Structure formats: C-alpha cells, structure tokens
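One structure is given below, encoded as structure tokens.
Read-outs throughout are calculated quantities, based only on the coordinates presented, and are distinct from any laboratory measurement. Quick caveat, the model's predicted, so the values are computed rather than measured. All Cβ positions, even for glycine, are placed from backbone atoms using ideal geometry, and neighbour counts span all protein chains on display.
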Amino acid sequence: MNTVKSWVGRVSATLWWGGPMALALAVGALAPARAAEVVVGQVAPLSGVLASTGAQMVLGGKIYFDWVNAQGGVHGASIRQAVADDGYKVADTLTRTRELLAKPEVVALYGFAGTANITQLLADGVLEQGGAALVAPYTGGESLRNPFNPWIFHVRAGYADETEHMVQQLTTLGMNRVAVMYQDDGFGKAGLAGVEAALGKRGLKLVVSAGYERNTDKVDDAVKAIKAADVHAVIMIAVNKPAAAFIQRYREQGGGAQLYNISVVDPTELVKLAGLKNAHGLGISQVVPYPYRPQLPVVREYQTLLKKYAPDAEVNYTSFEQFLGAKVLVEALRRAGPAPTRAKVVKALESLQSYDLGGITLGYSPTNRIGSRYVEVTVIGSNGRLMK
C-alpha cells in the first residue's frame, strides 16, 4: 500500500482537494481542454477511512488510460483522468461532482465510491442534470440498481448478490446462527437487507445485527453484542478500518465465529491493521475474477500494464475492478466516435450488450445497467494472501 500512497503523493500537487486547493485536478489540471483530449471525471476517497481503497481505484483506471494514450488515444484524442477527493463524505461528493459536471469537456464520470454518496447524487438530481454516465461505481447498493436509473453503469455485482452467495456457502456448511456487523448508512443497510433476505429464503432469521457510525472505527458495542450472541458466523458490511477494528477486538476477546466481509475491503490493509493472527481465515466475497493468477487474458493484460505503469504497486482486487471499468469506458468512448458528447457516451454504453473484456463478458442495454452478477468467496490464508 505504501507504494500506491507514494504514487498518490507524487500527483498530490495536481489533486483537486477542495477548500483552498479547489480547482486543481489530477491527472493534469482541469484547464480548458486541448483540442485532442477527452476528460473523464473521477471522485474518489483519497483521504479519510477509505483512502487506501481510493488510491487503488484511481490507479486501476490510470494504468489503462496511460496505455490507451500511449497507443494514440481514442480517435486521436488522449484521455485525461480528472480526479477529485471527497474523503468519503457525502456533501463533498456532491460538491466535487457538480464542479466536474460544470465543465463541458468532462464527457463521463467514472469510479466513484460509497452507496450513500452516490444515492445522494441521484436524490439531488445531480447526474440527471449533468446528463453524464457514471461508469463502474465502487458500490453494490441496491438503491442504485432498483428502481432503474439510466445514469449508472455497474461493472460489479450488487450487495444482494454477494450476501446471497455468502449465506448460501455458510448455511451449506451448517452455520445457521448468523450475525451482521454493518456500517450505519445506506451501504451497511443495503448489505444487512441482503443478508436478511438470503436467510429468509432458507427459513432462517438473523440472530443479531450491530451497527457502527460511518467514518469511524467505533465498533466496541458491536463486538460486545455479537460476542454475547454466540453465533456461528458474522457477515461484516464494513470498510477497511472499522472491519479491521472489529476483527481484532472480536478475536482478542475470544470470539470464535467464522468471519466474512463484503467485497469493498483490501485484505492487505486488514492484515496490517488487525494482525495476521486475527485476520487469518476471514472470508471476503469478490465481484471480479481472481487477479493474482494470469489465467484470463484480461488478468494478464492488467498485470502487464500494472508492471509497466506502476512498477512498485501490487496486484489488488480494487485496482483490477477499476481497470475493468476503465476498459468499459474506453470502449464506449471509441463507439461514441470522434468528439464524443455525454449523450453519445450513454448511447454507446447501452450498445455494449455482450462485450468481452478478455475472458469476462459484461452486458448493458437501454433497459439494463447491471453489467455482471459474478461473485465468489476468497479467504485470507496463513501467509496473509488471498486464496480461492
């Protein structure tokens, strides 16, 4: 992670942080666009509790955009990735997005994070007013999928898909007493609802649920409630720091249940924060294929470009997911033709009805924005690395 943070540090002088540094953007300042340039806007949590994830999100897109630009761009135009930091704060997401969409050269949005953040963009009509597609948001919240909205093009499966898969796995193993530790916001409640629905399909009920406050790692009450319930398994709907805090404190207080977490965590960060002894055996649902073995053409491509454009960075699920999103967006820019507009990009994305990214097929249409429902569960092994 330090290498990725180092990369973020090298571009921080051009980052759009807001406040006194507002109007500075990475990669490249958001000045009037050059003639042969297409600008893609990304709002990511580069500070706060999700900072390490945000760095991976930006990196995954950057390595692909860099490669496309090295090949001559799209229809002769280079792609500029304009990145703004929202610190995972809803109000800042709204502000940064409005500022991006006020710039006509921004033809699409890409790779935002946070169910509550993006739900608020929809509720306030920010995406509709801007008329731009948001591709590959780093969230599986059901509120962003149902009811249908035309602006968000999902690359990942939803939290309902992830929790169904986890509940199926643990109940097959005879673990019927289930607890949920969740972030008390739209993200956490979406995952909680998914677990409850999956258990209900099997005639089971949740034993206990315990929340924690967003943007904190205050999980002591959740640890106490769940440990007292004597459950077989705990499904965490949590991000890195609070998930790690729960894992560490639950294990150190003698909690013995099988632990799972939804996909939006970095296993390297969890091991670092919670300790390998505590994190070993944690199950993590994943919404893209295993990126550590180059078995699929797109995984080989990702690993090659990561080594070329970010040689100090390590293979990571988050950067791989955003790499896939970048490939989707670039294909849409190609299909939108020279001088793409926001409306043309939306139409081009709808035309990707069965698009092969290199062993992974995604599909959209005028009535479908969910590109994939792929889910599998990985486990943190004894060496701290993920195993299938």
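Relative to the Cα centre, what is the charge dipole magnitude of the stretch 233-363, using +1 at the beta carbon of each Lys and Arg, -1 at the beta carbon of each Asp and Glu, and rounding to the nearest 20 debye? List each step's numbers first, then the result.
Values: 15 positive and 10 negative charges, 41 e Å.
That gives the stretch 233-363 a dipole magnitude of about 200 debye.
Calculated over the stretch 76-202, the projected area of the Cα convex hull averaged across directions stands at 9.5 nm². Amide H to amide H distances under 5 Å link Tyr138 with Phe112, Ala113, Gly114, where only residues 5 or more positions off or on other chains count and H is placed in the peptide plane. The lysines within cross-link reach of Lys227, meaning a Cα-to-Cα straight distance under 26 Å and a gap of 8 or more places when in the same chain, are Lys189, Lys201, Lys205, Lys218, Lys241, Lys272, Lys277. Enumerate the lysines that Lys103 could reach by cross-link, defined here as Cα to Cα under 21 Å, with residues fewer than 8 away along the same chain left out. List returned: Lys62, Lys344, Lys347.
Rounded to the nearest 20, the size of the Cβ-charge dipole of the chain about its Cα centre is 500 debye, with Lys and Arg at +1 and Asp and Glu at -1. Using the Stokes-Einstein relation with a Kirkwood hydrodynamic radius computed over Cα pairs, the translational diffusion coefficient of the stretch 226-364 at 37 °C and a viscosity of 0.692 mPa s comes to 187 µm²/s. Look at the alpha carbon pairs under 8 Å that are at least 6 residues apart: their mean separation over the length of the stretch 175-247 gives a relative contact order of 45 percent.
Shown here is the pair-distance distribution of the stretch 292-388: with all Cα-Cα distances grouped in 10 Å bins from zero up to the longest one, the shares run 14, 39, 32, 13, 3, 0 percent. Largest GNM mean-square fluctuation across Asp185, Asp86, Asp220, computed for the chain with C-alpha springs under 10 Å, falls on Asp220. Taking only the C-alpha atoms of the chain, Rg followed by Dmax gives 20.1, 63 Å.
Taking all Cα pairs closer than 8 Å and separated by 6 or more residues, the relative contact order of the stretch 274-373 comes to 20 percent. Averaging the Cα positions of each part gives two centres, and for the stretch 157-229 and the stretch 356-388 these lie 21 Å apart. In straight-distance terms, cross-link reach from Lys224 covers every one of the aspartates and glutamates whose alpha-carbon lies under 17 Å from its own, apart from those fewer than eight places away in the same chain; here that gives Asp184, Glu213, Glu252. Farthest toward the dipole's positive end in the stretch 209-349, which of Pro311, Gln253, Val346, given Cβ charges of +1 (Lys, Arg) and -1 (Asp, Glu) about the Cα centre? Selected residue: Val346.
Here the stretch 149-258 yields Rg over Rh of 0.98, to two decimals, using C-alpha coordinates and the Kirkwood radius.
For the stretch 123-166, which chymotrypsin sites (Phe, Trp or Tyr not before Pro) are in a loop by DSSP, counting at most 14 other Cβ atoms within 10 Å?
Working: sites: Tyr138, Phe148, Trp151, Phe153, Tyr159; in loops: Phe148, Trp151.
Passing sites in the stretch 123-166 are Phe148.
Of the residues Gly111, Tyr355, Ser47, the one whose Cα sits farthest toward the positive end of the charge dipole of the chain, with +1 on the Cβ of Lys and Arg and -1 on the Cβ of Asp and Glu, is Tyr355.
Around the amide H of Ile152, modelled in the peptide plane, lie the amide H atoms of Leu134, all under 5 Å away and 5 or more residues distant in sequence or on another chain. Here the contact order of the stretch 97-237, divided by its residue count and restricted to Cα pairs under 8 Å and six or more residues apart, works out to 21 percent.
The coefficient of translational diffusion for the stretch 241-286, derived via Stokes-Einstein from the alpha carbon Kirkwood radius under 4 °C and 1.567 mPa s, stands at 125 µm²/s.
Restricting to the chain, what percent of DSSP beta bridges are antiparallel, rounded to 5?
Working: 11 of 45 bridges.
The answer is about 25 percent antiparallel.
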